[in-house]
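**Q** Sharing a structure, written as structure tokens. Questions coming.
The values are calculated or read from the model by the stated rules, or taken from the named source; none is laboratory data. All of these numbers come straight from a predicted model, not from anything done at the bench. Reconstructed Cβ throughout: ideal geometry from the backbone, glycine too, with neighbour counts over all protein chains shown. Each accessible area value is taken on the protein alone, full model and side chains, heavy atoms only, with ligands, DNA and RNA left out. Shrake-Rupley method; radii C 1.70, N 1.55, O 1.52, S 1.80 Å.
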Amino acid sequence: QVQLVESGGGLVQAGGSLRLSCAASGRIFSMGAMGWYRQAPGKQRELVARINSGGNTNYTDSVKGRFTISRDNAKNTVYLQMNSLKPEDTAVYYCNAYLLVAGSYILYDYWGQGTQVTVSS
């Protein structure tokens, strides 16, 4: 069974930093694009950052210059380094990955369970 497990969320003061990790486990042959989304109370889920298999990245405007997404293919893991955090970054952060798994011929879309990030003012 393929799973994405996030870690690294928590409570931090404004201006602080957190690093989120998302590890994929199971019979994974390769990873395609991976990303981080977030959902704040009463708001729709939004894309925060995305990295494709070639290492190209894109970010939502509100986090550019503050957040950095990276991946370690050997560990089947994607990271989100979050610096200069603001109260408006408070949300549940979800990991997303397109994975080629055993028994499949195409990449499927997987989601983690979410990790809470709370930034106090």
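**Q** Computing the accessible area with a 1.4 Å probe over protein heavy atoms, can you report the carbon and sulfur percentage for the range 12-61?
**A** Heavy-atom surface of the range 12-61 belonging to carbon and sulfur, 1.4 Å probe: 42 percent.
**Q** Can you give the relative contact order of the chain as a percent, counting alpha carbon pairs under 8 Å and 6+ residues apart?
**A** With pairs under 8 Å counted, the relative contact order is 36 percent.
**Q** So what is the accessible area of the chain per residue, in Å², with the probe set to 1.4 Å?
**A** For the chain, the per-residue accessible area is 53 Å².
**Q** Then there's this: Give the percent of DSSP beta bridges with both residues in the chain that are antiparallel, rounded to the nearest 5.
**A** 90
**Q** Of the listed peptides 38-46, 107-115, 50-58, what is their order by residue-averaged count of other C-beta atoms within 10 Å, with the highest listed first?
**A** 107-115, 50-58, 38-46
**Q** Given Cβ point charges of +1 (Lys, Arg) and -1 (Asp, Glu) and nothing else, what value in debye, to the nearest 20, does the dipole of the chain about its Cα centre take?
**A** So the dipole magnitude of the chain works out to roughly 100 debye.
**Q** Then there's this: Give the aspartates and glutamates reachable from residue 64 as a straight Cα distance under 18 Å; neighbours fewer than 8 places away on the same chain don't count.
**A** Of all the aspartates and glutamates, those that pass the test against residue 64 - Cα under 18 Å, at least 8 places apart if same chain - are 46, 88, 89.
**Q** Is any residue of the range 19-42 close enough, with backbone N under 15 Å, to a label point placed 7 angstrom from the Cα of residue 116 along the Cα-Cβ axis, and if so, which?
**A** Residues passing the 15 Å test: 39-42.
**Q** While we're looking at this one, here's another question. Hey, what did the range 1-58 get for relative contact order, percent, Cα under 8 Å, at least 6 apart?
**A** That works out to 26 percent.
**Q** Which length gain, in nm to one decimal place, applies between residue 30 and residue 44 when the Cα-Cα distance is subtracted from 0.36 nm times their residue separation?
**A** 2.1 nm
**Q** While we're looking at this one, here's another question. What percent does the relative contact order of the range 58-121 come to when contacts are Cα pairs within less than 8 Å and at least six residues apart?
**A** Contact order relative to length: 28 percent.
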